[in-house]
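Notes to accompany the following structure.
The values are calculated or read from the model by the stated rules, or taken from the named source; none is laboratory data. All figures in this text were calculated on a predicted structure; none of them were measured in a lab. Here the Cβ positions follow ideal geometry from the backbone for every residue, glycine too, while neighbour counts run over all protein chains shown.
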Amino acid sequence: MQTIDQAGTFMLGARAVNRLGYGAMQLAGPGVFGPPKSRDAALAVLREAVAAGVNHIDTSDFYGPHVTNQIIREALHPYDKNLLIVTKVGARRGEDGSWLPAFSNDELARAVDDNLHNLAIETLDVVNLRVMFSPHGPVEGSIAAPLAALVDLQRQGLVRHIGLSNVTASQVREAREIAEIVCVQNQYNLAHREDDALIDALAEDGIAYVPFFPLGGFSPLQSTILSEVAGRLHATPMQVALAWLLQRAPNILLIPGTSSVAHLRENLAAASLILPDDEVLALNGVA
């Protein structure tokens, strides 16, 4: 019987989680803004994920905003003791759906409070500081001030563990001098591999790396090489892309998102797909 346990586990904060998790971003409406087309379908996806063994769900209260956390609460609360919900702060949504920075102490405190309220919990297990110097990718600049504000919320008992999102390697180094960092969440996939060296360095220190857009995000991965490998292995291209990530490094934790139960099952089946060395070599050429 195929299960996601075949992908193994890795420590995230104080918990060992299955390396195949679930990202809740697609549970909101188009553009991650407003309600989903079918709330019942969103609830079904979450319940199916947990039933299949997913114990790591990634979310944020600025998805919607508020929408995904409220759906998670409705679907899964009271939460299983083994379920780890990871959220993020540092951004907010404009009335037009734009992504805006929200870095001040007050904004970060309000974001933590919103996540606590909408998830109906007293402490956030892991909170990623989403660095918003640019919404399009990591940009250099000190993150000491917003990180210090998050550390203060940690001292208050509202946050257990801190991670980073949309950051450069130098920002990771700066952050680790200020606080214990348990994970880094950046864009990374077969075709977008700027973080290769960072992933290896984090693996040496036992820090989780959580790639967002593992399947390309708003522009899904398309590659002749990927399609050919998938054909030879009797798998879908997206399953192969996920399996490549799982084999890329032991500290990579996947959070592919979907609003479809069928697509969820397809993604989770990647846990049992082992890529032969020659196929990995071919896939490495996609970038």
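Structure notes:
- Subset of segment 181-199 (residues that are of a type outside the set (A, V, I, L, M, F, W, C), over 21 Å from PRO276 (Cα atoms) and out of contact with any strand residue (DSSP E or B) (no Cβ under 6 Å at 6 or more places or on another chain)): ASN186, TYR188, HIS192, GLU194, ASP195
- Scanning segment 101-117 for residues that are part of a helix (DSSP H, G or I) and over 23 Å from ALA14 (Cβ atoms) yields ASN105, ASP106, GLU107, ALA109, ARG110, ASP114, HIS117.
- Number of the exception - GLN154 against (1) outside any loop (DSSP other than H, G, I, E, B); (2) in contact with a Ser or Thr (Cβ under 9 Å, 6 or more places away or on another chain); (3) within 27 Å of ASP113 (Cβ to Cβ): (2)
- Filter result for the condition that a residue is β-branched (Val, Ile, Thr) and closer than 18 Å to ALA14 by Cα, over VAL172, VAL184: VAL184
- Some residue of segment 93-107 being more than 22 Å from PRO211 (Cβ to Cβ) and aliphatic (A, V, I, L, M): yes
- Within the span defined as segment 2-25, one or more residues are surrounded by fewer than 24 Cβ atoms within 10 Å (Cβ to Cβ), over 17 Å from ASN128 (Cα atoms), without any contact (Cβ under 8 Å) to a residue 24 or more places away in the chain and in contact with a Ser or Thr (Cβ under 9 Å, 6 or more places away or on another chain).
- Meets criteria (in a loop (DSSP other than H, G, I, E, B), under 30 Å from SER227 (Cβ atoms), free of Cβ contacts under 8 Å to residues at least 60 places away in the same chain and more than 17 Å from the chain's Cα centre (by Cα)) for GLU122: no
- Flag if ALA208 is surrounded by fewer than 22 Cβ atoms within 10 Å (Cβ to Cβ) and of a type in the set (Gly, Ala, Ser): no
- Hits in segment 27-51 (condition: out of contact with any Phe, Trp or Tyr (no Cβ under 9 Å at 6 or more places or on another chain), closer than 22 Å to LEU84 by Cβ and surrounded by 19 or more Cβ atoms within 10 Å (Cβ to Cβ)): ALA42
- Candidates are the residues of segment 142-156 that are over 23 Å from the mean Cα position of the chain (by Cα) and not polar (S, T, N, Q); the one that is surrounded by the fewest Cβ atoms within 10 Å (Cβ to Cβ) is ARG155.
- You will find that of VAL167, VAL159, VAL127, the residue that is in contact with a helix residue (DSSP H, G or I) (Cβ under 9 Å, 6 or more places away or on another chain), crowded, with 21+ Cβ neighbours inside 10 Å and over 17 Å from GLY13 (Cα atoms) is VAL167 and no other.
- Counted as qualifying within segment 174-265 are the helices (runs of 4 or more DSSP H) with 1 or more residues that are free of Cβ contacts under 8 Å to residues at least 40 places away in the same chain and under 25 Å from VAL127 (Cβ atoms), namely 196-204.
Table: residues versus (1) touching a strand residue (DSSP E or B) at 6+ places or on another chain (Cβ under 6 Å); (2) modelled with pLDDT under 95.
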position: PHE103; (1), (2): no, yes
position: ALA109; (1), (2): no, no
position: ASN115; (1), (2): yes, no
position: LEU119; (1), (2): no, no
position: ARG130; (1), (2): yes, no
position: SER134; (1), (2): no, yes
position: GLY141; (1), (2): no, no
position: ARG176; (1), (2): no, no
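- Per this entry, ALA120 is not counted among residues that are more than 25 Å from GLU177 (Cα to Cα), buried (at least 18 other Cβ atoms within 10 Å of the Cβ) and touching a Lys or Arg at 6+ places or on another chain (Cβ under 8 Å).
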